[in-house]
Amino acid sequence: MLNTLIDGLLRGNVYALGAVGISLVFGVMNVVNFAQFSFFGLGAMLAWFFVAQEGLPFWLALPLVLVICGALGLVINISVVRPLAKFLPLAAMLSTYAVSQILDNVSQISFGAQFRVFPQVLPTSNFHIGNMRFGTSDVVMLSITAVVMVVMSLFLKYGKIGKAIRATAQDQEAALQMGIPVGLVQHVSFVIASSLGGLAGVFIALYIGVANPTSGLDIGLTAFVAATLGGLGSLVGGVIGGFVLGILEAFGIYFFGDTSREIIVFVILIVVLIVRPGGLMGKVPLISTEPLTGTFLGKGRPLRMPRWVWPAAFVVGGVVIPLVASDYVLTTGTQVLIYAIIAAGFTVTAGQSGVLALGQAGPIAIGAYTSALVTMNLHFSFWAALPVAGLSAAIIASVLASPIWGVKGHYISIATLGLGVAIVAIIQLLEPQGIYNIPVPQWFGTVLSTPIAYYLIDFGVLVITLLVMWRIRRSHLGRVISAVGSDEVAALASGVRGRNYKALAFAISAFFAGVGGSLLAHQYTYIDPTMFTMLMSLLVVTIVIMGGVSLPYGAVVGSIILIGAMELLRFTPELRIIAYGLVLILVVRFRPGGILVRNS
Amino acid sequence: MTDLLALDDVNVYYGPFHALRGNTLTVGEGEIVSLLGGNASGKSTTMKTILGLIKVKSGTVHFAGEDVTHASTRHRVKAGIASVPEARRVFPQMTVDENLMAGAYTRSDRAGIAEDLERMRDRFPRLAERRRQEAGTLSGGEQQMLAFARALMSRPKLICMDEPTMGLAPKLVDQVLDEIVRINKELGVAVLFVEQQAELALSIASRGYVLATGEIVLKGTSNELLHNPQIQEAYLGKATQA
């Protein structure tokens, strides 16, 4: 029991450091910084490099890691985040995600992708008190964190820049008017946050004993949840959130096993957000500052499409490509089409209702599993399983999401992110093995398993999806959903219950996500939970943002670029994700409303 | 009287929207000038332009003889422009003292800052009583005094006030206007302030400018403006005689 507590404290330690960094940057920039995730992995790898490869003593390696991470943070802020944060916090958030992709991959190329054994620099179990076992290493980690936290709070309380950081976090505009150099404050915050991330990374390596460039994502997500639990922007909250989460997680694993980890984390998140929508220490976010919801609305106008574009696109996509394209192109095409279906369905949630849900992998997975199970166990045909998959995704995702619609601002995105991860974690618990030999589609006895058949099926579904989305947008319902998205308070004042319509929009999007999942399952003929990651969710989000967040046909364009063009880079898999990150940064930089949306 | 602040033919755009249209405006040393106008007439934009929070497209801004058209806000605060933002905007989770120190951010003379902090406590006894209290817990009137004191902490030559009486009870409005006069008389600080109630504004200002859709449509001494029939019709609620 006490060992579990120590385990919890050590986990909490790492989460607290990460959460404070995330909260700090959020406070002064109003940006959710996904790049922070990468610093965990990077810190661990740099420490491994200096200690195991270069043979430096740990006490020299530690400050080196902090300095490198801090400097890198500064570069990221100057080159990417700050230029975007000034006009669009959402774009900045996406660009931090792109940066984190780039960092992880650069780290993989530099250090190799394999797990590295981190040398035991300090004894790990040299103390025994009763049943408790712990080591100098644990004591040192907790002491360093304690010192860092005390220094941080003194700095924020009494330091000139520290006070400026607090003033900026509370009221950036007023701080500017006092002559406080907000830019400098943001740089300093970013450097501190990145160093803390690096420190947390070193601790991960010390604690687990192995280091890997991508180990940041899992821990980053949890640290992010910890920051949210405490209340984004609240540093005390970050520390409390980190330790609470670490301890609950340790006990959860002790009682329910390691596979339940993600479920525990995100159930805690969702419960806290429902009970205290602003986090444990934070205040309920003001409705006037909801940067994640509706930031893209009203910005810019969609490009006007000449009428001939639609039949032309139909002929090219449905006739020309199937006739002339090679199997390879058609296979890539099926991926493009499936993501276009999912993303087009998602525009009603992200674009119209203004909820940037970050967990679409959840409903996609539900659709895929439903379709696989009903065709295999209940002997449904593929054609019947397809709508059933959509319906079950819509129903299950809606039931699970039903408590979160009262949550506001950034928090609703975070809650949906948690939902997506939790859904996949539940599936992993129920079906850990994955499903093989999922039947391929048939048409009156003819097996449709050629690339061209898949392509045409997906194309047909996409056309139907776009027609449905177009019809919804033109309907009364569509206009009400848009009204809720552009100004929820005004909509409420007109008698529209916003949360119901947000839930409905989410259900519609989940339906198409489920359909997409079903198509994926029957084409791969194999599925397992590791396919439905947060990366998949974020891919869906970036596709709609790429094309213009409220334009269903924009999702097609976004999908062609992000899935199709990235396929061209397959010959160099490492550089592929870096290129993906760069494309994303360039798009949000120069077309923050999406490629098909002219800047206003 | 020499001009402390001079805006010359200033044009400001928000994207395609022409927010300030060739405005020329001056504030003399130790003068109180009021800025009048309806909603969205460009009053706040003028204030933000003077503080360097918005870039000007063309025209110049001079302060104390220096061209500050492209200077940073920080530079302008150092040069002597202070701000009392719209809706006060005190830092709610910082103490009263910390708020005052934030006003002195651009200064580095420790002794002088400590001295001014003392002065502010003498000047605003309520703030002295509540020095360790979080500013967010103060009443509206107290927050307004804190915003004044915070502005004075930078030892300004000019304070720009964006609707200092907004949201205050009528009795407090008088207090705030009295305080503006007192700051002006005793410290010789020039004041440029935005006010919705023209009669009140002109009662303490020596001159005024009237903005409409981004353009200065009228200017003059307070007396002239008070007796201008257009002003009377638009702001003072007196119907013009047919």
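The values are calculated or read from the model by the stated rules, or taken from the named source; none is laboratory data. Given the structure is predicted, the values throughout are model-derived calculations rather than measurements. Cβ sites come from the backbone with ideal geometry, for glycine too, and all protein chains shown count toward neighbours. For accessibility, only protein heavy atoms count, side chains too; no ligands or nucleic acids. Shrake-Rupley method; radii C 1.70, N 1.55, O 1.52, S 1.80 Å.
Being outside any helix (DSSP H, G or I) and within 14 Å of chain A (Cβ to nearest Cβ) holds for only one residue in B:Arg131, B:Arg155, and it is B:Arg155.
Search region B:54-95 for residues being in contact with an Asp or Glu (Cβ under 8 Å, 6 or more places away or on another chain) and farther than 29 Å from A:Gly233 by Cβ, and hand back the single one that is nearest to the other protein chains (Cβ to nearest Cβ). Per the criteria, the residue is B:Ala79.
Considering only region A:15-24, state which residues are more than 18 Å from A:Val151 (Cβ to Cβ) and either out of contact with any Asp or Glu (no Cβ under 9 Å at 6 or more places or on another chain) or surrounded by fewer than 24 Cβ atoms within 10 Å (Cβ to Cβ) (or both).
Just the residues of region A:15-24 that are more than 18 Å from A:Val151 (Cβ to Cβ), to begin with: A:15, A:22.
Within region A:15-24, just A:Ile22 meets the criteria.
Which ones in region A:493-533 are farther than 25 Å from A:Phe382 by Cβ, of a type in the set (A, V, I, L, M, F, W, C) and surrounded by 24 or more Cβ atoms within 10 Å (Cβ to Cβ)? A:Ala505, A:Phe506 - these are the residues of region A:493-533 that are farther than 25 Å from A:Phe382 by Cβ, of a type in the set (A, V, I, L, M, F, W, C) and surrounded by 24 or more Cβ atoms within 10 Å (Cβ to Cβ).
Contact map, region A:20-38: first residue outside the structural domain of A:Val151 (by TED's automatic domain parsing), second residue open to solvent by 10 Å² or more (accessible area, probe 1.4 Å), Cβ cut-off under 6 Å, separation 6 or more or different chains; the map is empty.
Taking the condition farther than 27 Å from A:Val272 by Cα, in contact with an Asp or Glu (Cβ under 8 Å, 6 or more places away or on another chain), away from every other protein chain (no Cβ under 11 Å) and assigned to a helix (DSSP H, G or I), does A:Thr214 pass?
Values: farther than 27 Å from A:Val272 by Cα: yes; in contact with an Asp or Glu (Cβ under 8 Å, 6 or more places away or on another chain): yes; away from every other protein chain (no Cβ under 11 Å): yes; assigned to a helix (DSSP H, G or I): yes.
Answer is yes for this residue.
Pull up region B:80-99, narrow it to residues that are within 18 Å of B:Val189 (Cα to Cα) and surrounded by 20 or more Cβ atoms within 10 Å (Cβ to Cβ), then point me to the one that is farthest from the chain's Cα centre (by Cα). In this case the residue turns out to be B:Ile81.
Give the residue that is most open to solvent (accessible area, probe 1.4 Å), with candidates limited to residues of region A:1-14 that are assigned to a helix (DSSP H, G or I) and of a type in the set (A, V, I, L, M).
Going through region A:1-14, the residues assigned to a helix (DSSP H, G or I) turn out to be A:2-14.
Next cut, of a type in the set (A, V, I, L, M) only: A:2, A:5-6, A:9-10, A:14.
Details: A:Leu2: 97, A:Leu5: 65, A:Ile6: 30, A:Leu9: 59, A:Leu10: 9, A:Val14: 11 Å².
In this case the residue turns out to be A:Leu2.
Output the residue which, of all residues in region A:158-180 that are assigned to a helix (DSSP H, G or I) and at pLDDT below 90, is nearest to the other protein chains (Cβ to nearest Cβ). Even if it seems obvious, please write down each step before you answer.
Step one: list which residues in region A:158-180 are assigned to a helix (DSSP H, G or I), which gives A:158, A:160-170, A:172-177.
Applying the additional criterion that residues be at pLDDT below 90 yields A:169-170, A:172-173.
Working: A:Ala169: 9, A:Gln170: 5, A:Gln172: 10, A:Glu173: 7 Å.
Among them, the one singled out is A:Gln170.
Tell me which residues, restricted to region B:147-168, are open to solvent by less than 50 Å² (accessible area, probe 1.4 Å) and over 20 Å from B:Ile50 (Cβ atoms). Passing the criteria: B:Ala149, B:Leu168.
For first residues located in region A:496-513 and over 15 Å from A:Thr347 (Cβ atoms), partners that are open to solvent by 70 Å² or more (accessible area, probe 1.4 Å) and not polar (S, T, N, Q) and lie 6+ apart or on another chain with Cβ distances below 6 Å form the pairs A:Gly498/A:Leu492.
Is there a residue in region A:346-356 that is modelled with pLDDT of 85 or more and either part of a loop (DSSP other than H, G, I, E, B) or not hydroxyl-bearing (Ser, Thr, Tyr) (or both)?
yes
Across region A:249-281, which residue is nearest to A:Gly12 (Cα to Cα) among those that are among the aliphatic types (A, V, I, L, M) and open to solvent by 80 Å² or more (accessible area, probe 1.4 Å)? So, considering only residues that are among the aliphatic types (A, V, I, L, M) and open to solvent by 80 Å² or more (accessible area, probe 1.4 Å), the one nearest to A:Gly12 (Cα to Cα) is A:Met281. Looking across region B:201-213, just one residue is modelled with pLDDT under 90 and part of a loop (DSSP other than H, G, I, E, B), and that is B:Thr213.
Kindly evaluate B:Ala198 against the criterion of being open to solvent by less than 30 Å² (accessible area, probe 1.4 Å), at pLDDT below 90 and either aliphatic (A, V, I, L, M) or closer than 26 Å to B:Leu51 by Cα (or both).
Numbers: open to solvent by less than 30 Å² (accessible area, probe 1.4 Å): yes; at pLDDT below 90: yes; either aliphatic (A, V, I, L, M) or closer than 26 Å to B:Leu51 by Cα (or both): yes.
Considered against the rule, which asks whether it is open to solvent by less than 30 Å² (accessible area, probe 1.4 Å), at pLDDT below 90 and either aliphatic (A, V, I, L, M) or closer than 26 Å to B:Leu51 by Cα (or both), B:Ala198 comes out as yes.
Considering each residue of region A:181-204 in turn, none proves to be at pLDDT below 90, open to solvent by 40 Å² or more (accessible area, probe 1.4 Å) and within 14 Å of another protein chain (Cβ to nearest Cβ).
When B:Lys185 is tested against (1) more than 25 Å from B:Phe124 (Cβ to Cβ); (2) surrounded by fewer than 19 Cβ atoms within 10 Å (Cβ to Cβ); (3) modelled with pLDDT of 90 or more, only condition (1) is not met.
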